[in-house]
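Report on the following structure.
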Amino acid sequence: MRLGITGHRGLSAKVEAQVRAELAKVVDAYDAEDLVAISCISDGPDVWFAQAVLDHGGRLEAVIPAAEYRENLPAWHYPVYDELMARAVDVHHTGMKESTSQAHQAGSEIVVGLADQLIAVWDGRPARGYGGTADVVAYAHSVGLPIRVIWPHGATRD
């Protein structure tokens, strides 16, 4: 099963723990040899899901939205990003240079195109900017990709 991931970044520690637990349940439902995470590996759910799949024995395919993508992630995230990039069995690129909202959406559309299902860590609200989680969910819906939404009951985004 090829599972794409999208989700809100900057979640509180409490919501992170709840989301990680739900992602672990998703991952545990699959045989490791058949499981592939498809992720842009940004900080937050992208990384949590990729790590859970790798820890389970599955594989990771990374999608890089832009050549300058890494430099636009938080500096504290670089070591995790670099480790996961080194463990990726395949890397897909949009061909874009600048890490813009358009590049992020293009990367997410690649994730959707490679996946059998999209896992969305999403509060159900509109995106705060183009290329946000709601836009990715809308795109997946428009192409008929099954979507599994994960959002802890009562959780809020800061």
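The values are calculated or read from the model by the stated rules, or taken from the named source; none is laboratory data. Just so you know, these numbers come straight off a predicted model, no measurement behind them. Please note: Cβ atoms are built from the backbone with ideal geometry, for glycine as well, and neighbour counts cover all protein chains shown. Just the protein is used for accessible areas: all its heavy atoms, side chains included, with ligands, DNA and RNA removed. Shrake-Rupley method; radii C 1.70, N 1.55, O 1.52, S 1.80 Å.
Out of Gln117, Gln105, report the one residue that is under 19 Å from Gly7 (Cα atoms) and either open to solvent by 60 Å² or more (accessible area, probe 1.4 Å) or touching a strand residue (DSSP E or B) at 6+ places or on another chain (Cβ under 7 Å) (or both). Talk me through it step by step, then tell me what you get.
Working: Gln105 fails: either open to solvent by 60 Å² or more (accessible area, probe 1.4 Å) or touching a strand residue (DSSP E or B) at 6+ places or on another chain (Cβ under 7 Å) (or both).
None of the others qualify; the one that does is Gln117.
Can you confirm whether Val27 is open to solvent by less than 40 Å² (accessible area, probe 1.4 Å), modelled with pLDDT of 95 or more and among the aliphatic types (A, V, I, L, M)?
Working: open to solvent by less than 40 Å² (accessible area, probe 1.4 Å): yes; modelled with pLDDT of 95 or more: yes; among the aliphatic types (A, V, I, L, M): yes.
So Val27 fits the description; yes.
Residues Val15, Val53, Val80, Val89: which one is under 17 Å from Gly132 (Cβ atoms) and among the β-branched types (Val, Ile, Thr)?
On the way: Val53 fails: under 17 Å from Gly132 (Cβ atoms); Val80 fails: under 17 Å from Gly132 (Cβ atoms); Val89 fails: under 17 Å from Gly132 (Cβ atoms).
Selected residue: Val15, the only one of Val15, Val53, Val80, Val89 that is under 17 Å from Gly132 (Cβ atoms) and among the β-branched types (Val, Ile, Thr).
Can you tell which of Leu11, Leu54 is out of contact with any Ser or Thr (no Cβ under 8 Å at 6 or more places or on another chain) and either touching a residue at least 60 places away in the same chain (Cβ under 8 Å) or surrounded by 22 or more Cβ atoms within 10 Å (Cβ to Cβ) (or both)?
Working: Leu54 fails: either touching a residue at least 60 places away in the same chain (Cβ under 8 Å) or surrounded by 22 or more Cβ atoms within 10 Å (Cβ to Cβ) (or both).
None of the other options fit; the residue is Leu11.
With Asp82, Asp55, Asp46 as the choices, which residue is in contact with a strand residue (DSSP E or B) (Cβ under 9 Å, 6 or more places away or on another chain), of a type in the set (Asp, Glu) and part of a helix (DSSP H, G or I)?
Working: Asp82 fails: in contact with a strand residue (DSSP E or B) (Cβ under 9 Å, 6 or more places away or on another chain); Asp55 fails: in contact with a strand residue (DSSP E or B) (Cβ under 9 Å, 6 or more places away or on another chain).
Testing whether each residue is in contact with a strand residue (DSSP E or B) (Cβ under 9 Å, 6 or more places away or on another chain), of a type in the set (Asp, Glu) and part of a helix (DSSP H, G or I) leaves just Asp46.
How many residues are surrounded by fewer than 19 Cβ atoms within 10 Å (Cβ to Cβ), within 15 Å of the chain's Cα centre (by Cα) and charged (D, E, K, R) when one looks only at the range 124-158?
Count: 1.
I need the strands (runs of 3 or more DSSP E) fully contained in the range 90-158, keeping only those with at least 2 residues that are hydrophobic (A, V, I, L, M, F, W, C). Before you say what the answer is, go through the steps one by one.
Working: elements: 90-93, 117-121, 147-150.
Of the strands (runs of 3 or more DSSP E) lying wholly inside the range 90-158, those with at least 2 residues that are hydrophobic (A, V, I, L, M, F, W, C) span 117-121, 147-150.
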